[in-house]
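Working notes, beginning with the structure itself.
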Amino acid sequence: MSITIEPTVRVETRRQPIPPRERLEPIFEVEGLDAIYGAKAAIKDVSMEVYKNLVTAIIGPSGCGKSTYIRCFNRMNDLIPTFRQTGTIRYHGQDICASNIDPVAVRRNIGMVFQRPNPFPKSIYDNVAWGCRVLGMKEDLDARVERALTQAALWDEVKDRLKASGLSLSGGQQQRLCIARAIAVEPDVVLMDEPASALDPIATQAIEQLMHQLKSQYTFVIVTHNMQQAARVADMTAFFSISQGGEGERYGELIEYDATEKIFTAPSDKRTEDYVTGRFG
Amino acid sequence: MSTQDLTGPGLRLDHLPRRKRVNRTMEGLAWLAAAIAIAILGVVVYSVGQRGWSELNLNLITKQPINFSLTNAPQGLSNAFAGTIVIVGIAMLMALPAGILVAVYVNEFAPAPIRSVITLVIDVLAGVPAIVIGIFVFVLLVVGSGQSGLKGSFSLAILMLPFVARTTIEVLALVPNALREASLALGVPRWRTTLSIVLPRAIGGILTGTVLAVARVAGETAPLLFTSSVVGVQTDWNPAHALQTIPVAIFELSESPDPKDHARAWAAGFVLLIFILFASLTARWLATRNARKLAGR
Amino acid sequence: MSAADISTEPTRRPFTGRRVRFGDVSLQLVAGAAALGVTVLVGLIVWKIVDGSRLAIVKNGWAFLIRVAWNPVPGRELYGAASFLFGTVLTSFGALLIAAPLSIGVALFLTELAPRVIQGPVTALVETLAAVPSVLIGLWGIYVLGPVLRTSIESWLHTVFGFIPLFGDPSAAGASIFTAIIVLTIMILPIVSSISRELFREVPSELKEGALALGTTRWEMVRGVIFPYARGGIAAALILGLSRAMGEAIAVTQVVGGSPTIQWNLFSTGDTLASKIAAAYQGAVTSLQLSSLIYLGLVLLVFSLLANLVAQWIVRRVARKHGVTRGGHV
């Protein structure tokens, strides 16, 4: 029995067509990744590749381990005492989960923007400049700050009050400030954990535009619970869902990973289809 | 203020009058308890002020006391004021860095089991009576080599340490994890995150805790009795000597038979009390201001 | 737009091998050393006090604890802690008996009754009381409180309840165990009330509203919801108050009069462990006397360690029960 899918999400065509897979350069290769808190698995057996200079979205119902997953890419989960993981994540061919890898160096290359804006209690200027200074990128600091703020589409709004506290900005501006802070230190990859979940539509739009403009320089991985957002910004989309194991165990699992267009218009898995057509959760 | 009782058919109001009477009595007692607590403070401050007023003049801080005084020459307690400044100042320099480091360890580095051990140790240390700290330092340092201001400072620092550590742990716990994560996600190492992001954010609370701790130990007598109390009348700023302090001076003067000595005790007590009240209120003001700032100006 | 054009190609920096960061390691080492230092310090306190009292322990053993004697005359030396233990227990429990209802009343007032505008100031005033140095409370105790108590409450209680041994003849000096009890009450009142206040504030408002919605009066809500919820915490607060009262040396020394006997009369002079030690600060004549004083300190230390451990145990158990966890940290 075949079902014809009426996509509930209108896919905008601002995205350029993705080159064929063999011409894509994988930046992350995830293999058999399990992430475990204490005795409870959050995600199990995830394998996928993330490609350079694309925006990759991770979608799925809440509780499917999206956030846990994205925090594996820059070892942020190391900070949680009971956390363990097995499997590998290769970044440019190098396993970053290995114990001999310095998590600080990993994070230096792979920046992150968090769900809730978390500016430092410093001035707008220092919020951006502090990381550069600490990491030794001291030359042309002013130009660097201006560039980062411009890229984050915040410069025009704050150029006259760079000395004001970062906390004096609105929520949307704060989040863009956090993005500026992340890109000012020139990472290779920017991870975004539901960056727009606490923002108004205008701020959300600004952030999406930003990803679009910057993806020629950076690789973005974005977790979102908002399918429209994934459809708008992502080149590739991974759909995670909650699976039931034995004894009532529930864990997140990668169901399907493909070009965004394919995920939203012709998914190959029934569960993906249910989710994107709104029949799930 | 009285409220109208509901009346009407079908309303169940069993024993309501009696229950309301009990309630009113209990509420009245709670008001009374609060009134008593405040009245005590008022009476203490008033009696100290009233009795100390006559001797409250510049002589108190500029003139030295006179041994076995039979004259009416003006005398003061300049030695005690100098000693208190030196001893409390050094105690602060000892306790503050140690307390902050302990708190940083507990909050930023220690694994959970060690964290609970250290917090328990801090709580236990805070509960050791001041007089026991006094004889501990006496046995450890004074026996055989004599008293000194420095040893007095050490005993006060032991009293301050758990206080500073506790308040700092509390403030560090209030620093949002999001800030640590933001810094770490930039690839900033942990020590730099702690020193440049976490501690600056907590500095207001640490300052408040320090002011309170200083106010508390400035009035401590017990640990100093055994470590810095056998003193001369000279005004001395050298911490290698045993130094007189305001609380010890008050303690000694209070046991003197001479009413003039009592008056000086009251006057010194008044100065001490004003300092401590001022410090406590400053700390409180710092705390509210800080809370307002953390809440986003 | 111009700034955006100066885009730099992000460069990848190598990160092979886990670098041992000097900064991380040294901060952790220094902070860890401080934490270890505190632990060692507590151990050292216990050890030094035990060590200092060794001579008295060897000479007297347990008999020290039940003997009433304090005779430092060389040749006829005899020491015992019984009268000081008695005085400590009598004064600290007496103070707790008065301070407990008073503190809980203050805490209830502050959390449940006080109009918003006076809540802050009253809290500040009660906490300020805790900041008044004990030597000042003592000074006030001898010259203001003592005489007042003797002529009013003490003589009245003696006249009316004189048949009870506790209410004997008021001592002439004004110094008495009763004055010490009142002074200690004043000193532990702010401590117990501020802990209780925090406890009452933690009672979930849904619980309180649930009770009030049943048609209970405020007092019935307090008895039925707040007290049971905060019971463990209040016990811990009272133990901490008791421990504080036992350990207070200065103010008690000033007002208690210092007599090494066991008397049931609250209005006569007495002595406590802490005040005996404090009163001997000008020096001991013999090494056995010094060692016996430190032995008194050991007894005090054991009391306060026990009290604090029990209180902390209760606090942690209650916290677990109520699901309060210390904020997790990165």
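May I ask you to say which residue of B:THR227, B:THR235 is surrounded by fewer than 24 Cβ atoms within 10 Å (Cβ to Cβ) and among the polar types (S, T, N, Q)?
The match here is B:THR235.
Just to verify a result, which residue in the stretch C:124-142, among those that are modelled with pLDDT of 90 or more and of a type outside the set (A, V, I, L, M), is surrounded by the most Cβ atoms within 10 Å (Cβ to Cβ)?
Per the stated criteria, the residue is C:GLY138.
Can you find even one residue in the stretch A:10-21 that is under 18 Å from the mean Cα position of the chain (by Cα) and either modelled with pLDDT under 90 or surrounded by fewer than 22 Cβ atoms within 10 Å (Cβ to Cβ) (or both)?
There is at least one residue in the stretch A:10-21 that is under 18 Å from the mean Cα position of the chain (by Cα) and either modelled with pLDDT under 90 or surrounded by fewer than 22 Cβ atoms within 10 Å (Cβ to Cβ) (or both).
Consider A:GLN213 carefully, then state whether it is polar (S, T, N, Q) and within 14 Å of chain C (Cβ to nearest Cβ).
yes
Restricting attention to the stretch B:254-272, does a residue exist that is free of Cβ contacts under 8 Å to residues at least 60 places away in the same chain and of a type in the set (Ser, Thr, Tyr)?
yes
Identify all residues within the stretch B:170-183 that are out of contact with any Ser or Thr (no Cβ under 7 Å at 6 or more places or on another chain), in a helix (DSSP H, G or I) and buried (at least 23 other Cβ atoms within 10 Å of the Cβ); write none if there are none.
Hits for the stretch B:170-183 are B:VAL171, B:LEU172, B:ALA182.
Would you mind stating whether B:ILE203 is part of a helix (DSSP H, G or I), free of Cβ contacts under 8 Å to residues at least 12 places away in the same chain and within 11 Å of another protein chain (Cβ to nearest Cβ)?
Taking the combined requirement at face value, the residue satisfies it.
List pairs: first residue in the stretch B:223-248 and within 13 Å of B:LEU141 (Cβ to Cβ) and in contact (Cβ under 8 Å) with a residue 60 or more places away in the chain, second residue surrounded by fewer than 18 Cβ atoms within 10 Å (Cβ to Cβ) and β-branched (Val, Ile, Thr) anywhere in the structure, Cβ distance under 6 angstrom, at least six positions apart or on different chains.
What qualifies is B:ALA242/B:VAL230.
So which helices (runs of 4 or more DSSP H) stay within the stretch A:98-185 end to end and still have 1 or more residues that are touching a helix residue (DSSP H, G or I) at 6+ places or on another chain (Cβ under 8 Å) and over 23 Å from B:THR193 (Cβ atoms)?
A:141-151, A:155-158, A:171-184
Can you give me the number of residues within the stretch A:244-281 that are among the polar types (S, T, N, Q), out of contact with any Lys or Arg (no Cβ under 7 Å at 6 or more places or on another chain) and either in a strand (DSSP E or B) or farther than 22 Å from A:GLU49 by Cα (or both)?
So the count comes out to 1.
Taking the residues in the stretch B:91-143 that are more than 7 Å from chain C (Cβ to nearest Cβ) and hydroxyl-bearing (Ser, Thr, Tyr) as candidates, determine which candidate is nearest to the chain's Cα centre (by Cα).
Among those that are more than 7 Å from chain C (Cβ to nearest Cβ) and hydroxyl-bearing (Ser, Thr, Tyr), it is B:THR119.
Specify which of the listed residues (B:ASN107, B:ASN79) is modelled with pLDDT under 95, part of a helix (DSSP H, G or I), within 30 Å of B:ASN177 (Cα to Cα) and not β-branched (Val, Ile, Thr).
B:ASN107
The conditions are (1) more than 9 Å from chain C (Cβ to nearest Cβ); (2) over 25 Å from C:SER53 (Cα atoms); (3) in contact (Cβ under 8 Å) with a residue 12 or more places away in the chain, and B:LEU161 fails exactly one of them. Which is it?
(1)
Restricting attention to the stretch C:186-227, which residues are β-branched (Val, Ile, Thr), farther than 16 Å from C:VAL144 by Cα and assigned to a helix (DSSP H, G or I)?
C:ILE188, C:ILE191, C:VAL192, C:ILE195, C:VAL222, C:VAL225, C:ILE226 - these are the residues of the stretch C:186-227 that are β-branched (Val, Ile, Thr), farther than 16 Å from C:VAL144 by Cα and assigned to a helix (DSSP H, G or I).
Pairs only if they're at least six apart or on different chains, beta carbon under 7 angstrom, first in the stretch A:143-163 and on the phi > 0 side of the Ramachandran plot, second of a type outside the set (S, T, N, Q); list them, first residue then second.
Pairs that qualify, where the first residue is on the phi > 0 side of the Ramachandran plot and the partner is of a type outside the set (S, T, N, Q), are A:ALA153/A:ARG176; A:ALA153/A:ALA206; A:ALA153/A:LEU210.
The values are calculated or read from the model by the stated rules, or taken from the named source; none is laboratory data. Just so it is clear, the model here is predicted, and its values are computed rather than measured. Note that each Cβ is placed from the backbone with ideal geometry, even for glycine, and that neighbours are counted across all protein chains shown.
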